[in-house]
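To start, the structure itself, in structure tokens.
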Amino acid sequence: METENPANYAYMGRSLGDLSVNDHSFAFSDCNSDRSGEFTMASSSSSQSRRFLLASASENSDDLIRQLVLDLESCSVDERKQAAMELRLLAKNKPENRIKIAKSGAIKPLIGLISSSDPQLQENGVTAILNLSLCDENKKLIASAGAIRPLVRALKTGTSTVKENAACALLRLSQIEESKVAIGRSGAIPLLVNLLENGGSRGKKDASTALYSLCSVNENKIRAVQAGIMKPLVELMADFGSNMVDKSAYVLSILVSGPEAKTALVEEGGIPVLVEIIEVGSLRQKEAAVGILLQICEDSMVYRTMVAREGAIPPLVALSQSGTNHAKQKVSEFRNPVGDSSSVLT
């Protein structure tokens, strides 16, 4: 399994390289516990009081957790719904409960709920697994218990909330290096690309974060390009009101090293979009765009000519004078040994 050089890979607030403007982690959503609001299943005051107590429970939660895990196997659908919802809430609000719930044997039955045809059962199962996966100790347990394929199916068939939380759960599991390939081979990449293209604001952010993590593996890069990722990436980079310019550019930056990716990017009109970013984007966006153009132009006079014809030289010269030190360094890589700032593009 080939992955990117860790020295150049920044992720989820933990940069493995330069912690300056080059750190990509700021661009991505944290995919923390579910953000779909509180629960509406039970409306009685007693149920609301119980949920409040659940959210506050910590040291004395062991017996309650054991009972809720037993209720996950109940013949009553309502009891299973209530148990899954309460475990979801416990795992959401109390980090120390995530280990307790996993050790109590909840993971297997919660994974079983992910394949339920009942939307509430499925949502609570997916989201409980997401919340449990926030604990590093639980990630391998969840992956080895068989969560990946059900989460991928939920990503395909679930409600918008289920899809978003499934994407987040897959992201968390992808933080285990060996899970990246398993997730890719389970069919997640095309579904994440679809969420990136057609999801809501949160769905797009979560999909881009998951794809950024998964595409550090070369075979997942190929899958993403084959799934048509270049079209939504270019469209989102071109939309400065989407708050997705940075995210899309950083996903693109780890994809575009391969010839198929470069071809797909050019065919989708990526070069003029990247030049526009260098003209009017933020300093971070400009730096990312320069890095992508460098990869496109490498060993290709055809692409260099296209970049020059799109008017890249004036904004590159301007960036070489007013950009960050790292941006200036990237712009300087467009120069030949003689030092002509435009020669690499002509």
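Subtracting the Cα-Cα distance from 0.36 nm times the residue separation, let me have the gained length for Ile99 to Glu279 in nm, one decimal. Computed gain between Ile99 and Glu279 is 59.9 nm. Shown in residue order for region 144-155 are the 3J(HN,Hα) couplings computed by the Karplus curve 6.51 cos²θ - 1.76 cosθ + 1.60 at θ = phi - 60°: 6, 7, x, 7, 4, 5, x, 5, 5, 4, 5, 4 Hz (x for Gly and Pro). Annotation for Ser117 and Cys75: the two label points, set 7 Å from Cα along the Cα-Cβ direction, are 2.0 nm apart. Here the scattering of region 95-218 is modelled by Debye summation over its C-alpha atoms, one equal scatterer each and no solvent; at q = 0.16, 0.18 Å⁻¹ the log10 of I(q)/I(0) is -0.67, -0.85. Using only the alpha carbons of region 209-323, what is the convex hull's orientation-averaged projected area in square nanometres? Averaged projected hull area, Cα only: 6.6 nm². Per atom type, region 174-230 shows carbon and sulfur on 50% of its accessible surface, probed at 1.4 Å. Counting only protein heavy atoms and a probe of 1.4 Å, the accessible surface of region 81-165 is 50% carbon and sulfur.
Separation of region 75-148 from region 152-210 is 17 Å, based on Cα centroids.
Over the Cα atoms of region 129-176, the radius of gyration divided by the Kirkwood radius equals 0.95; this is the Rg/Rh ratio.
For region 94-232, the solvent-accessible area of protein heavy atoms averages 34 Å² per residue (probe radius 1.4 Å; ligands and nucleic acids excluded). Under Stokes-Einstein, with the Kirkwood radius over Cα pairs as Rh, the value for region 206-255 at 4 °C and 1.567 mPa s is 121 µm²/s. Kirkwood-type hydrodynamic radius, region 138-296: 15.6 Å, calculated from all non-identical alpha-carbon pairs.
The values are calculated or read from the model by the stated rules, or taken from the named source; none is laboratory data. All figures in this text were calculated on a predicted structure; none of them were measured in a lab. Heads up, the Cβs are rebuilt from the backbone with ideal geometry, glycines too, and the neighbour counts pull from every protein chain shown. We work out accessible area using only protein heavy atoms, side chains counted, and drop any ligands, DNA or RNA first. Shrake-Rupley method; radii C 1.70, N 1.55, O 1.52, S 1.80 Å.
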